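Notes follow once the structure below has been shown.
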Amino acid sequence: MRSLLDYLVKYSYVFLFILLEILSLVLLFGFNDRQKLAFVTSANSVSGSIYELFSNVDVYFNLRRENTLLVEENARLRSMLYELTDSQTVDSARNMSRDGVIAARVIDNSVRKDDNYMTVNKGSYDGVGKGMGVYNSTGVIGVIMASGKSYSVVMPILNGNTSISSKIKGTDNFGFLEWSGGDPYTAQLKDVPYHSNVEVGDTVVTTGFSSVFPENITIGTVADVQRLSNGYTLKILVSLAVDMSDLGWVYIHSKTVDPEIIDLQQQLK
């Protein structure tokens, strides 16, 4: 206790100075409007900067959550868009497609193998099943190959077993998009009729012939056109719209096929 008193006595002039300074500031800013206004303005500026700093830090650490919410909202909007499109183009309610879009995140991916695969964090519990199309805001990515309870494996365009029904946008010229390995940024559109009017720069999109993808989802652009020696078809080099090495969030097209279509296909088999 005595040491504390000795300390206070030793530095009493310092404490007295601080007290007098505080008192003088209170008198200055408390009874002079101009100085008070200047103090309040500068204080607000400093506190505003501090609040903005903390806000920016909070926003940064919440980016993943915000991105998740935005992607899920986009998925709901896409589902509504497909339903609206179907209701305008299909006469019978019985034949209306049951479209849905599920947002998922890519958690594993490869692009340099002959047969590449990727994994997403949604499975059968989320309504994901084999054969559903996968794409993002840029374009087509691939097709669900297998679905577990919480995860699914995607067979992307960069897989030798992938074949996606495709067409030149704005025309009825269609073929099948395949990848033969090598360059992860290009694929080939095969079986397009020889007489088709296809030019470099044309956009390649999905046909919508099956339930895998909606119609007119972008796949890429025509980079080169070759006329095969058989004289029946064209071989078209396509620059893919999606950079498969840089994937985060994707959409899964969870449309179900009309049971009547399935029954007819089974009868043909």
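A few comments on the model shown:
- Taking the stretch 231-243 as the range and being at pLDDT below 85 and surrounded by fewer than 15 Cβ atoms within 10 Å (Cβ to Cβ) as the test, the residues that pass are 231, 232.
- Residue identified as in the same structural domain as residue 111 (by TED's automatic domain parsing), among the basic types (Lys, Arg) and under 26 Å from residue 123 (Cβ atoms) among 235, 190, 149, 167: 149
- Applying the criterion of being in a loop (DSSP other than H, G, I, E, B) and either open to solvent by 60 Å² or more (accessible area, probe 1.4 Å) or free of Cβ contacts under 8 Å to residues at least 40 places away in the same chain (or both) to the residues of the stretch 112-126, the residue that is nearest to residue 254 (Cα to Cα) is 123.
- Output for the stretch 132-157, where each listed residue is open to solvent by 10 Å² or more (accessible area, probe 1.4 Å) and either modelled with pLDDT of 90 or more or outside any loop (DSSP other than H, G, I, E, B) (or both): 132, 143, 145, 146, 147, 151, 153, 155
- Candidate set: the stretch 185-230, residues that are open to solvent by less than 40 Å² (accessible area, probe 1.4 Å) and of a type in the set (Gly, Ala, Ser); chosen: the one farthest from residue 145 (Cα to Cα): 196
The values are calculated or read from the model by the stated rules, or taken from the named source; none is laboratory data. None of these values were measured; they are calculated from a predicted model. Don't worry about glycine lacking a Cβ; one is built from the backbone with ideal geometry, like all the others, and counts go over all protein chains shown. Keep in mind that these areas ignore ligands, DNA and RNA; they rest on the heavy atoms of the full protein, side chains included. Shrake-Rupley method; radii C 1.70, N 1.55, O 1.52, S 1.80 Å.
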